[in-house]
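A short write-up of the structure that comes next.
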Amino acid sequence: MLLLAVESSCDETAAAVLDDGKLTSNVVSTQVDIHAAWGGVVPELASRNHALTIIPVITQALRDAGIGVHQLDAVCATFGPGLIGSLLVGLQAAKGIAYARGIPFLGVNHLEGHLAAIQLVEDVPFPYVGLACSGGHTAIYRVDDVGKVTLLGETRDDAAGEAFDKTAKLIGLGYPGGAVMDQLAEGGDPTRFKLPRALPQLTDIDFSFSGIKTAARTALEKHGKLDEQTTKDFCASVRAAIVDVLVRKSLTACRMQNVPRLVLAGGVAANSLLRRQVVEQGLKYSVKVSVPPKALCTDNAAMVGRAGYARLVRGETHPLTLDADPSARVGA
Ligand code: KG4
Ligand code: ZN
C-alpha cells in the first residue's frame, strides 16, 4: 500500500509517503521563524502559511519517494486536535487528492500519531505505556494497539512543553524556548533554584505544571539580573523540575498497569535529560524504554502515516465529509 500522510495541526506543514507501513519520504516545513517574532503561534498566520506550503510539501514528499500521485493507494491526514484553520488546510488537501483519485481516505488523531511514531523505527510489542508530551499536550496512555488507547492521566493545566516555553520566555530565550533551555541546562546546577514538583502522591498520574512557571517568576524577581552561569543554573533547575515529574509518573503508570514497556512521544521527548533519565530509571524498575529519534518526536507526517496505515489495513476509512475537530480526544 502506497500511503500519503499529511499533517498540519499546528505550525509544521508536513507530508510523508509510506510503502506498506515503511517510511519512504518525510518532509517537514516548519513555520517556527514566522511565529517566533510573536512569542507564540499566531493561528491566522499559521493557516495562511499552511495554505502556501501544503502543495509544495506534498509534491516534495511524492518526489522524494520517487512516485507520482497516480500511484497512491490511500491518503490520510490529521483531523485533530489542533488549530482549526491549520487542520483544515492539510485535511482538505488530503481529501481533495482522495476524491480526485477515487482512493480511500482516513482521518488520524494527532496524538495517536505521536504514540505510533516509535513503530516506524522499532517493532515495540503491545501493550505499552505511552507518554505524549508536547507544547499542547501532556498525557499518559495505555496503548493496546494503534487506535486502542486508554487515557491514564493528563495535565490539569499547562503542557510540559508550554512550561518549558513560558519559563524560557521569562529569561528572554525566544519562542519556542524548550530546546535552547535544554542546551543551556547541560552546563547548569539543577539544585540552584528550588522549584515545585506538583501532585506528588504515589498513585496520582495527573500532571500540573503551572506552579513551576509561577515559582520560576518569583525566584527570578528575587534574584534580579542573571549572569551566564546563573542562567544555566536556572535552565537546569526548570528542566529537572519538569523531567523529574514526567519520569516518575510514567514509571508509576507502568507499575500500576503492570506493563514493563514505556514509549516516549511528542516534542518534549527530544529533551536530553528526559531521554537519559527515563532510560536510567527504567532500568532500575525493569521497564524497557523506547524513545523515537528526535525528528519523529516533533510534529511530522510520518507518525500520522504509521497510525493511519495500521487502521487502513484493518479496513477502516472515513467518508470525505469527515470534519476537522480542534479538540479531538484519544482514549478518554
Ligand atoms: O510535538 P511538538 O513539535 O508540537 C506540538 O504538538 O506541540 O512539540 C513542541 C514542543 C515545544 O513546546 C518545544 O519547546 C518542545 O516541544 N521541545 C523541547 C525540546 N525540543 C522541543 N522541550 C524541551 N527540550 C527539548 N529539547
Ligand atoms: Zn504534536
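The values are calculated or read from the model by the stated rules, or taken from the named source; none is laboratory data. Just so it is clear, the model here is predicted, and its values are computed rather than measured. Ideal geometry is used to build each Cβ from the backbone, glycine not excepted, and the neighbour counts take in all protein chains shown. Ligands, DNA and RNA are excluded from the accessible area calculation, which covers all protein heavy atoms including side chains. Shrake-Rupley method; radii C 1.70, N 1.55, O 1.52, S 1.80 Å.
Scanning the stretch 1-25 for residues that are polar (S, T, N, Q) and either part of a loop (DSSP other than H, G, I, E, B) or farther than 24 Å from residue 134 by Cα (or both) yields 8, 9, 24. Within the stretch 38-47, not a single residue is touching a residue at least 40 places away in the same chain (Cβ under 8 Å), closer than 17 Å to residue 302 by Cα and not hydroxyl-bearing (Ser, Thr, Tyr).
Among the residues of the stretch 142-167, those identified as acidic (Asp, Glu) and within 16 Å of ligand 2 (Cβ to nearest atom) are 154, 158, 162, 165. Considering the conditions (1) in contact with a Ser or Thr (Cβ under 8 Å, 6 or more places away or on another chain); (2) in a loop (DSSP other than H, G, I, E, B), residue 182 is excluded by exactly one of them, (2).
For residue 330, state whether it is touching a Ser or Thr at 6+ places or on another chain (Cβ under 7 Å), open to solvent by less than 60 Å² (accessible area, probe 1.4 Å) and closer than 16 Å to residue 78 by Cβ. For residue 330, the condition - touching a Ser or Thr at 6+ places or on another chain (Cβ under 7 Å), open to solvent by less than 60 Å² (accessible area, probe 1.4 Å) and closer than 16 Å to residue 78 by Cβ - is not met.
For (1) in contact with an Asp or Glu (Cβ under 6 Å, 6 or more places away or on another chain); (2) more than 10 Å from ligand 1 (Cβ to nearest atom); (3) acidic (Asp, Glu), each residue gets a yes or a no:
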position	(1), (2), (3)
111	no, no, no
126	yes, yes, no
151	no, yes, no
157	no, yes, yes
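Answer with yes or no whether residue 224 is out of contact with any Asp or Glu (no Cβ under 7 Å at 6 or more places or on another chain) and within 16 Å of ligand 2 (Cβ to nearest atom). The answer is no for residue 224. Would you say residue 232 is under 21 Å from residue 140 (Cβ atoms) and buried (at least 17 other Cβ atoms within 10 Å of the Cβ)? No, not satisfied. For residue 116, the stated conditions do not hold, so it cannot be described as away from ligand 2 (no atom under 16 Å from the Cβ) and either open to solvent by less than 30 Å² (accessible area, probe 1.4 Å) or more than 20 Å from residue 151 (Cβ to Cβ) (or both).
Filtering the stretch 27-41 to residues that are assigned to a strand (DSSP E or B) and open to solvent by less than 60 Å² (accessible area, probe 1.4 Å) leaves 27, 29. With respect to the conditions (1) at pLDDT 95 or above; (2) part of a helix (DSSP H, G or I); (3) open to solvent by less than 70 Å² (accessible area, probe 1.4 Å), residue 262 lacks only one, and its number is (2).
Let's see how each residue does on (1) assigned by TED's automatic domain parsing to the domain that holds residue 232; (2) in contact with a Lys or Arg (Cβ under 7 Å, 6 or more places away or on another chain); (3) open to solvent by less than 40 Å² (accessible area, probe 1.4 Å):
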| site | (1), (2), (3) |
| --- | --- |
| 132 | yes, no, yes |
| 136 | yes, no, no |
| 153 | yes, yes, yes |
| 163 | yes, yes, yes |
| 167 | yes, yes, yes |
| 199 | yes, no, yes |
| 203 | yes, no, no |
